[in-house]
Amino acid sequence: MIQLFFSATQYAAATVTAAIRAGRFGPRDGVRRVLVVSDTAAVPEVGTPLDRMAGFEKLRPEFDEVRSWNEFISPHHPAGWSPRAQDAPLWEKAVRLAWDLGDEPVEIACESIQANPSRAVADIFADSPIHVYADGLMSYGPTRNRLPHGLSSRIVRVLHLDLVPGLRPMLLSEYGVRPETVPNEAIVDVLAQIGESGAGLLAERLPAGAPPTAVLLGQYLSAIDLITQDEEERLHLRMLRAAARAGHRDVLFKPHPSAPAAYDESLEVAARELGVRLTVLNEPVLAETVFAFLKPKLVIGCFSTALMTAAAFYGIPVARVGTELLLDRITPYENSNRIPLTVIDAALPDAERADPITPLELDVLAEELTPLVRAVGYCMQSRRHHALREEAATWLTAHLAEYGRYFKRRRLTSLRLPGGAPVRAEALRRHPVVRQAVRRLRA
């Protein structure tokens, strides 16, 4: 048996390594494990491949080989290329020949199955079982795109991090795919090993006498067109002011790797005005390494998954800033970021208002979040989750006044759910679908 593990980021590789060490992929005897790395950045040529990053040597022993998907399909870009249907068998032969896979049966473990390169690999190995793994909060939301039966029927399970204990993922649930957790102890151990080199870098980079007590997380939301660069810059300033308001005078800002340097400059100016010593960490260090090394008293962000890893893995108090703006702006309603945004907004205190900020009570979060996430998930993908309609309608009737910010009136109206506008007869008569149905009946 050959197991192919596809990873595009260091965090993804850490997740799948933790799953392997926790026994989620069975014993190693008689199995050949191949890690296939890819870089889906806009210009991957200028980036550092996953297998050359600091800390990768801690993951390497779990795999017999490491291959590069970018090199194999060059000059195609891994995020935009997939084989034509008639060419898929030829590509399978090419992969088997290039990587010396022979005729052995293949299992695939990959990330987002709706997008390339995962979708391309699934099409090439058209008879192979697929294990989907998710390392973020998106696993709690519905599947973004419809999958053909030939693909969905091969998905064995969804492996996910248990960031909100008791909250069951909706990802691929419409196809009957079962979720399975990766133990927190396993992923924390892997992250600690990866972070050893990063910890040394942090020790050199940060002041020894007064280390930062608060960490700010940047996401570069303007890159995915959720807000503008100016708005994101102001969002970071709000995070800094919230940290200063909470009494922190030594703050670390961890920007997104793709964020422009102008963000750092504006923060530094604001920090001087607030009397805060600011450290901007541009080095490629995982946020979890920062949490483990610094043990900060507060982590502030917008809706980054790292907020939940700080709370679930390290017990650090966390808070949010700016989620109300994103809830208003995020489009379309089916946007996969809606569920992470909803979870963070509902679960975390507002850093600009809450005082004091204490660690999350994770054990009780699922009770509040489960009906909310299922209702939002139904509104996002109602056609694929018909069974949730009655549950969503009942819950909205009782709780819409409290949770109305997570729902758009237009969406509730189109789904005929509580909170929507009444449908007037004249508007209904003018609706093109209704007019077409009437013409058919008359004919």
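Read the figures in this text as sums done on the coordinates, not as results from a lab. It should be emphasised that the depicted structure is a prediction, and the values quoted were computed from it without experimental measurement. A quick note on method: Cβ atoms are made from the backbone with ideal geometry, for glycine too, and the neighbour counts reach across all protein chains shown.
Assorted remarks:
- For the range 357-367, putting each phi into the Karplus relation 6.51 cos²θ - 1.76 cosθ + 1.60 with θ = phi - 60° gives couplings of 9, 10, x, 5, 8, 4, 5, 9, 5, 4, 4 Hz, in residue order, rounded to whole numbers and with x for Gly and Pro.
- Once C-alpha pairs closer than 8 Å and six or more residues apart are averaged by separation and normalised to the residue number of the chain, the relative contact order reads 13 percent.
- Two-site FRET efficiency, ARG52 against SER153, from Cβ-Cβ distance with R₀ of 45 Å, rounded to 0.05: 0.75
- Spatial extent of the range 207-360: Rg and Dmax, with the Cα atoms as the point set, Å: 14.4, 48
- Entry note, the chain: the mean residue ellipticity at 222 nm calculated from DSSP H runs of n ≥ 4, each adding -39500 (n - 2.57), is -12500 deg cm²/dmol after division by the residues and rounding to the nearest 500.
- Remark: the range 96-112, residue by residue, has Karplus-estimated 3J(HN,Hα) of 4, 6, 5, 9, 6, 8, x, 10, 5, x, 10, 10, 10, 10, 9, 8, 3 Hz, where x stands for each Gly or Pro and the curve is 6.51 cos²θ - 1.76 cosθ + 1.60 at θ = phi - 60°.
- Per residue, the convex hull spanned by the Cα atoms of the range 2-186 amounts to 122 cubic angstrom.
- Net charge contributed by nearby residues that have their C-beta within less than 13 Å of ARG154 (K/R +1, D/E -1): -1
- You can think of it this way: the chain between ARG329 and ARG234 has 32.7 nm of extra reach, that is 0.36 nm per residue less the Cα-Cα gap.
- Built amide H within the under 5 Å cut-off of VAL318, gap 5+: VAL299, LEU360
- FRET efficiency, 1/(1 + (r/R0)^6) with R0 41 Å, evaluated for ALA387 and ALA98 via beta carbons: 0.40
- Of all segments of the chain bounded by chymotrypsin sites (Phe, Trp or Tyr not before Pro) found in a DSSP loop with no more than 16 other C-beta atoms within 10 Å, the longest spans 100-219.
- For VAL182, the amide hydrogen comes within under 5 Å of the amide hydrogens of HIS160, LEU161, ASP162, counting only partners 5 or more places away or on other chains and with H modelled in the peptide plane.
- Calculated FRET value between ASP29 and LYS297, using beta carbons and R₀ = 41 Å, to 0.05: 0.35
- Linear extension gain, GLU265 paired with ASP363, 0.36 nm per residue minus alpha-carbon span: 31.3 nm
- For the chain, the Cβ-based charge dipole about the Cα centre amounts to some 2320 debye (Lys, Arg positive; Asp, Glu negative; other atoms uncharged).
- Legend: P(r) of the chain from all alpha carbon pair distances, 20 Å bins from 0, whole percents, reading 23, 54, 22, 2, 0.
- Average silhouette area of the range 373-425, convex hull of alpha-carbon atoms, in square nanometres: 3.6 nm²
- Given in Å, the Rg to one decimal and the Dmax to the nearest whole number for the Cα atoms of the range 291-335 are 12.9, 39.
- Segment GLU283..ALA115, full-extension length gain: 57.6 nm, with 0.36 nm per residue of separation and the alpha-carbon distance subtracted.
- Phi to ³J(HN,Hα) by Karplus 6.51 cos²θ - 1.76 cosθ + 1.60 over the range 117-133, Hz, x for Gly, Pro: x, 4, 5, 4, 5, 4, 6, 5, 9, 5, 10, 8, x, 10, 10, 9, 10
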